[in-house]
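Undergrad: What follows is a structure written as structure tokens; I'll ask about it next.
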Amino acid sequence: MIPRLDPANPHQLFPSGDQALEEPNGLLALGGCLSPARLINAYRHGIFPWFSEGEPILWWSPDPRLILIPEQIKVSRSLRQQCRKSTWDVTHDRAFEAVMTACAAPRRDGEGTWISPAIQKAYLALHDLGIAHSFEAWQEGVLVGGLYGVALGQVFFGESMFHWVTDASKVALVMAADRLRAWDYRLIDCQVQTDHLSSLGALPMPRAEFLLALKRLCSEPVAESAWERS
């Protein structure tokens, strides 16, 4: 039976990761709430919400976990050249809400999105607290790609990305990795395996090892310049 969380108690402890289901991979609990306290507690323990509109809140801790070490990102020569083009302007935290809205838009393949109004409201609250952040890719002043996630200690937990023009999300991710590395971030959580992220150097990490890394890194300081507006 999947444990149910009390929506009135945002500080309620989650089950341990080794209690997650194998099928579907990583489903740990349901219910609860999306308060900042609940979300911060979840991320610190390698847990994230992922559910569709009309479903109860579902909490996941998949095994293995896809991770990316910022300094180990693989960038092809053509992509690096693309990143250096003067047509790109990559910023951070300039348009968090717009990035979330774009990530929530229907996909070109017709599939829906899990980024519901409740999710958007919850992460906007985290952004207001300086915990959720975005990276934006612009061309001629138009937002054409980006990504957002949660930053705790030296870990950036990636949530979603989008692109309206070719390579825009890749450019945003490459530049994000460069800045996170410069700010002393040690780990980018990519959650689950995708060919797109694997091609950029993301690798699977056993859940037990991932949780040990979070225990070590989520309370470590980053550079004072991190997230300063340029």
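Undergrad: So for Arg77, Arg65, Arg4, Arg216, fewest C-beta neighbours within 10 Å to most, what's the order? Let's see the in-between values first.
TA: Numbers: Arg77 7, Arg65 25, Arg4 11, Arg216 14.
Sorted ascending by nearby Cβ count, the order is Arg77, Arg4, Arg216, Arg65.
Undergrad: Also: Please work out how much length the chain gains when fully extended from Ile2 to Glu140, using 0.36 nm per residue of separation minus the C-alpha to C-alpha distance, in nm with one decimal.
TA: Working: separation 138, 0.36 × 138 = 49.68 nm, distance 4.88 nm.
Residue separation times 0.36 nm, minus the Cα-Cα distance, leaves 44.8 nm.
Undergrad: Using alpha-carbon pairs under 8 Å, 6+ residues apart, how would you state the relative contact order of the stretch 66-217 in percent? Mind showing how you got there, number by number?
TA: Numbers: 240 pairs, mean separation 49.0, N = 152.
Relative CO of the stretch 66-217 lands at 32 percent.
Undergrad: Give me the compactness ratio for the stretch 23-110, meaning the Cα radius of gyration over 2.2 N^0.38 Å.
TA: Dividing the Cα Rg of the stretch 23-110 by 2.2 N^0.38 Å gives 1.45.
Undergrad: Separate question: Would you tally the net charge around Leu180, using a Cβ to Cβ cut-off of less than 14 Å, leaving Leu180 out, and scoring K and R as +1, D and E as -1?
TA: Details: positive: Arg179, Arg181, Arg186; negative: Glu71, Asp93, Asp178, Asp184, Asp189, Glu220, Glu228.
It works out to a net charge of -4.
Undergrad: Give a residue-ordered list of calculated ³J(HN,Hα) values for the stretch 69-76 (Karplus: 6.51 cos²θ - 1.76 cosθ + 1.60, θ = phi - 60°; whole Hz; x for Gly, Pro).
TA: Per-residue couplings from phi come out as 7, x, 6, 10, 4, 9, 10, 5 Hz.
Undergrad: Here's something else I'd like to know. For the stretch 4-62, rounded, prolate or oblate, judged on the Cα gyration tensor with a ≥ b ≥ c (square roots of eigenvalues), a/c < 1.5 rounded, else prolate if a/b > b/c? Spell out each step's value before the answer.
TA: On the way: a/c = 1.72, a/b = 1.21, b/c = 1.42.
Because a/c hits 1.5 or more and a/b fails to exceed b/c, the stretch 4-62 counts as oblate.
Undergrad: How would Val165, Val155 line up from fewest to most surrounding beta-carbon atoms within 10 angstrom?
TA: Values: Val165 12, Val155 27.
In order of increasing Cβ crowding within 10 Å: Val165, Val155.
Undergrad: So, one more: Which one of Ala151, Leu126, Ile115 has its Cα pushed farthest toward the positive end of the charge dipole of the stretch 88-171, where Lys and Arg give +1 and Asp and Glu give -1 at the Cβ?
TA: Ile115
Undergrad: Provide, for q = 0.11, 0.13, 0.15 Å⁻¹, the log10 of I(q)/I(0) from a solvent-free Debye sum over equal Cα point scatterers in the stretch 95-230.
TA: Taking Cα atoms of the stretch 95-230 as identical point scatterers yields -0.40, -0.57, -0.77.
Undergrad: Using the 10 angstrom Cβ neighbour count as an exposure proxy, how do Met100, Met175 rank, fewest first? It would help to have the intermediate numbers written out before the result.
TA: Working: Met100 23, Met175 19.
Sorted ascending by nearby Cβ count, the order is Met175, Met100.
Undergrad: Continuing with the same structure: Taking the Cα centre of the chain as the origin, how large is its charge dipole in debye, to the nearest 20, when only Lys and Arg (+1) and Asp and Glu (-1) carry charge on their Cβ atoms?
TA: Working: 21 positive and 26 negative charges, 93 e Å.
My answer is approximately 440 debye.
Undergrad: In Å, the Kirkwood hydrodynamic radius of the chain over pairs of distinct alpha carbons? Kindly include the intermediate steps, with their values, before the conclusion.
TA: Numbers: mean 1/r = 0.0555 Å⁻¹.
So the Kirkwood estimate lands at 18.0 Å.
Undergrad: Let me ask something additional. Using the alpha-carbon centroid of each, what span in Å lies between the stretch 125-193 and the stretch 1-38?
TA: 26 Å
Undergrad: Continuing with the same structure: For labels at Arg80 and Asn25 in the simple 7 Å Cα→Cβ model, what's the distance in nm?
TA: 3.1 nm
Undergrad: To the nearest 0.05, what FRET efficiency results for His196 and Ala37 with a Förster distance of 35 Å applied to their C-beta separation?
TA: Values: r = 32 Å, r/R0 = 0.93.
After rounding to 0.05, the efficiency reads 0.60.
A short reminder: the numbers here are calculations on the coordinates, not readings from a lab. Quick caveat: nothing in here was measured; it's all calculated off a predicted structure. When we count neighbours, we look across all protein chains shown, and the Cβ atoms used for this are built from the backbone with ideal geometry, even at glycine.
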